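The values are calculated or read from the model by the stated rules, or taken from the named source; none is laboratory data. Keep in mind it's a predicted model, so treat the numbers as computed, not measured. Quick reminder, even Gly has a Cβ in these numbers, built from the backbone with ideal geometry, and neighbours come from all protein chains shown.
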Amino acid sequence: MLFGIDVADSGSLQIDGQPCVINHPRKAIAKGLAFCSEDRKGEGVIPTLSIRENLILAMQASRGAFRLLLRAEQDQLCDHYINALNIKTPNAATPIGNLSGGNQQKVLLARWLAMQPRLIILDEPTRGIDVGAKAEIEKLVRSLREKGMAVIFISSELEEVVHTCDRVAVLRDRRKVGELTGGEITEQRVMELVAHHE
Amino acid sequence: MNDPLSKLKEWFQGGSLMWALLGLLTLLAYDFVFVDGFFRLEVRDGHLYGTVIDILNQGSKTMLLALGMTLVIATGGVDLSVGSLMAISGALAAVLVTQTELSLALVIPLALTATVLLGAFNGMLVSVAGIQPIVATLILMVGGRGIAMLITGGQIVTFEHTGFVFLGNGHFLGIPFTLTLVLLMLIATSLLMRRTACGLFVEAVGDNETASRFSGISTWTVKLSVYGFSGLCAGLAGLIAASNIKAADSSRVGEMMELDAIFAVVVGGTALTGGRFNLLGSIIGALLIQTLTTTMITQGVPPAIAPVPKAIVIVAVCLLQSEKFRTEVAGWFGRRANT
C-alpha cells in the first residue's frame, strides 16, 4: 500500500513533512522507497532473464528506456553485489530461475540496494529459503541498519524479528495493537500483545 | 565476452535459431535437387533476378510483419489485426495518391501514422482496458477491413504513381528495394531493442508483468508501444503490398498474413508465452514460409491443397522445437540401442 500497489482505505502519508500520494510503484521509487515482495516468484524475479538483467532492472527503469546503463557499469554492479551478498552463481549471465531461492532473494535485494533507497520494505525476506542464506540476510539487514538505512522488516517469524529490529509494531487483523522498542523486544512481549487484545 | 561475434549472439539470444535454420536448409536442399534452376541468378538491366531473389522479395511483407509481431509476442500478447492494418495503409495511400495532390513524402507518413495509431488503439485495449490480446486485436482484424473498404468506397483503387510503384517493384543497388527496407527495419529494430533498455523492458514485461511493474517499469507504456510498432510494420507491409499490384484491394490484401507472421515468430524461437525474443529468428521463420509457398507453386501444387504440405512443415518444425518431444524421441532410440 505504501509502495503504490494497493489503494489506501484511509489515512495519509508524509515524507519529510510533505504530504504525498503514491499510486504507482514508479512514484514510490522516485521518493526513495524500495519494496521486496513476499511473493518472490510472482512479484519478484523475472525467471528467464539473467542475474545481470534482474539486478539492474529497477535502476534501469528509473533511468528510463533510452539511457541504457553502460555495459561496464552493469558488470561492475553485478560483480560488486555478487561478492558483497555472497550470491552463489557461476556468472552474472545465468538465468535467475536457475538459482536457489536464497540466492534469488539476494539478487532481488541487490536490485533494490543498487537504488540506494532511503527506506527499504522487506516483506518476509527469509521465507522459503535455506538456513544459511537466512542468517546472511538477517546479517545484511542489521548492517544496513547500522549504515543508517531505514528498513521495514515484515515477518511472521518472531525469532528473526527479535534479532533484527530496533522497533517492533505488532499488527493483528490489520490493526496496530502495540509497539515495542529496544530492550522491550522479546518473544514473550510480542506474544502477549498478539494474544492479549480481544 | 567482448569480441563482436559473441556480442551479436547476445543481441539475438532468445530461443534457438537452429530449428528454423534447419527447416529452411532442408527445404532449400529439396529445391536444389528437385526444382530446376532454383538457385540460378540472372542480371538484367543491372538488376538481379531469380527464384531466390523472388522469395526474398515476396517474403518482405511477412518479414516486416514478423518484426512487429515478435515484440508483441515477447510481451505475451498477439496481434491478429496486422493483415487488416495492411489493407488500411494500402487503401489510404492509394486514395491519397490518386485523389489528392499530396506528395509521396507526405502520403507515406500519413498512412503509417494511421496504422501506428490503430496499433496503439490495440495496445490501449490490452494494457489499459485489460482485454485479452487475442480478443482485443480481433476487433480490428474484423473491423479493419471494413475501414479500408470505407476509405476506398468499396472499389479497387488502381494507381500509376511512379514513386509509389517503385516502393514495391523498384530496385536499389541491383536488389529489390523491398529487401533494402526489410534490412533497414531489422537493423533499426535491433538497435532500438539492444542499444537501449527497450528490449530488456519488453522481455521483462513478457516474462513477469507484476514483477516488472513492482520494479518501476511502466508496463502499459511498453505494451502500447509494441502494438504501435506492430502497426508501423503492418503499415509498411501494406504499402508494399499495394505497390506490388499497383492497386489497393481492400478485401484481399494481407489475408491470413497475420497467421504467417505468428508462425514465423514461433518458428524463429520466440515463445508465445512471452519473454526472450529473437528478431533474426523471426526473419528466418518468415523466409521458411515464403520458400515453402514458392516451392509449392513451382512444383505445381494446386493452391487449394497447398495448405496441407504447409501444415505438415509447421507441425514438423514445432515438434522439433518442443523439448519434451525431443527427449521422448531420444528415449525411443536409447531404448532400442539398449535391447
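In the range A:48-55, the condition of being under 30 Å from A:A93 (Cα atoms), among the basic types (K, R) and touching a Pro at 6+ places or on another chain (Cβ under 9 Å) is met by no residue. Every condition in (1) surrounded by 21 or more Cβ atoms within 10 Å (Cβ to Cβ); (2) within 19 Å of B:M69 (Cα to Cα); (3) facing another protein chain (nearest Cβ under 9 Å) holds for B:C233 except the one numbered (3).
Any residue at all in the range B:126-138 that is of a type in the set (A, V, I, L, M, F, W, C), over 19 Å from B:L272 (Cβ atoms) and part of a helix (DSSP H, G or I)? So that I can check it myself, show each step before the final result.
As a first pass, look at the range B:126-138 and keep what is of a type in the set (A, V, I, L, M, F, W, C): B:126, B:128-129, B:131, B:134-136, B:138.
Okay, now just the ones that are also over 19 Å from B:L272 (Cβ atoms), so B:128-129.
Within this subset, residues satisfying the condition of being part of a helix (DSSP H, G or I) are none.
Among the residues of the range B:126-138, not one is of a type in the set (A, V, I, L, M, F, W, C), over 19 Å from B:L272 (Cβ atoms) and part of a helix (DSSP H, G or I), which makes the answer no.
Within the span defined as the range B:203-224, every residue fails to be of a type in the set (S, T, N, Q) and under 30 Å from B:G170 (Cα atoms).
Could you please find all residues in the range A:29-85 being at positive phi and surrounded by fewer than 14 Cβ atoms within 10 Å (Cβ to Cβ)? Passing the criteria: only A:G64. Filter the range B:196-216 down to the residues that are among the hydrophobic types (A, V, I, L, M, F, W, C) and within 30 Å of B:A241 (Cα to Cα), then identify the one that is farthest from the other protein chains (Cβ to nearest Cβ). The selected residue is B:V202. Pairs linking a residue in the range B:246-260 that is surrounded by fewer than 14 Cβ atoms within 10 Å (Cβ to Cβ) to a residue that is modelled with pLDDT of 85 or more, with Cβ atoms under 8 Å and 6 or more positions apart or on different chains, are B:S251/B:A87; B:S251/B:R145; B:S251/B:M149; B:M256/B:G83. So, in the range B:165-180, of the ones that are surrounded by fewer than 21 Cβ atoms within 10 Å (Cβ to Cβ) and touching a Ser or Thr at 6+ places or on another chain (Cβ under 7 Å), which residue ends up nearest to A:G97 (Cα to Cα)? This residue is B:L179. Among the residues of this structure, B:G144 counts as one that is modelled with pLDDT of 90 or more, part of a helix (DSSP H, G or I) and in contact with a Leu (Cβ under 8 Å, 6 or more places away or on another chain).
So that you can scan it fast, the table gives a plain yes or no per residue for (1) out of contact with any helix residue (DSSP H, G or I) (no Cβ under 6 Å at 6 or more places or on another chain); (2) of a type in the set (G, A, S):
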| residue | (1), (2) |
| --- | --- |
| B:L117 | yes, no |
| B:L125 | no, no |
| B:G130 | yes, yes |
| B:V142 | yes, no |
| B:L183 | yes, no |
| B:V202 | no, no |
| B:N208 | yes, no |
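Across the range A:61-88, the qualifying residues are those that are touching a helix residue (DSSP H, G or I) at 6+ places or on another chain (Cβ under 6 Å), under 19 Å from B:A204 (Cβ atoms) and of a type outside the set (A, V, I, L, M), and the one among them that is farthest from the other protein chains (Cβ to nearest Cβ) is A:Y81. The number of residues in the range A:44-60 that are part of a helix (DSSP H, G or I), touching a Ser or Thr at 6+ places or on another chain (Cβ under 8 Å) and within 9 Å of chain B (Cβ to nearest Cβ) comes to 2.
Against the test of being under 23 Å from B:D207 (Cα atoms) and of a type outside the set (S, T, N, Q), the options B:G83, B:G90, B:G68 yield a single qualifying residue, B:G68. A count restricted to the range A:93-136 and to residues that are part of a helix (DSSP H, G or I), buried (at least 22 other Cβ atoms within 10 Å of the Cβ) and among the β-branched types (V, I, T) stands at 2. Only residues that are closer than 27 Å to A:D16 by Cβ and outside any loop (DSSP other than H, G, I, E, B) were counted in the range A:137-156, giving 12. Within the span defined as the range B:269-288, one or more residues are more than 30 Å from B:N208 (Cβ to Cβ) and either in contact with a Lys or Arg (Cβ under 8 Å, 6 or more places away or on another chain) or not polar (S, T, N, Q) (or both). Checking A:G11 against (1) surrounded by fewer than 13 Cβ atoms within 10 Å (Cβ to Cβ); (2) within 16 Å of A:P117 (Cβ to Cβ); (3) small (G, A, S), only one condition comes out false. Which one? For A:G11, the exception is condition (2).
For the range A:107-116, the set of residues classified as within 17 Å of A:T48 (Cα to Cα) and not hydrophobic (A, V, I, L, M, F, W, C) consists of A:R111 only. Checking each residue in the range A:16-43 for being in a loop (DSSP other than H, G, I, E, B), over 18 Å from A:I154 (Cβ atoms) and more than 10 Å from every other protein chain (Cβ to nearest Cβ) picks out A:D16, A:G17, A:C20, A:V21, A:N23, A:K31, A:G32.
Exactly one residue out of B:M193, B:M185 is surrounded by 20 or more Cβ atoms within 10 Å (Cβ to Cβ), within 14 Å of chain A (Cβ to nearest Cβ) and within 27 Å of B:S225 (Cβ to Cβ): that is B:M193.
Would you call B:A306 within 23 Å of the chain's Cα centre (by Cα) and over 30 Å from B:A211 (Cβ atoms)? It is true that B:A306 is within 23 Å of the chain's Cα centre (by Cα) and over 30 Å from B:A211 (Cβ atoms). Comparison of B:D79, B:D54, B:D45, B:D36 shows that the only residue that is surrounded by fewer than 20 Cβ atoms within 10 Å (Cβ to Cβ), within 20 Å of the chain's Cα centre (by Cα) and not small (G, A, S) is B:D54.
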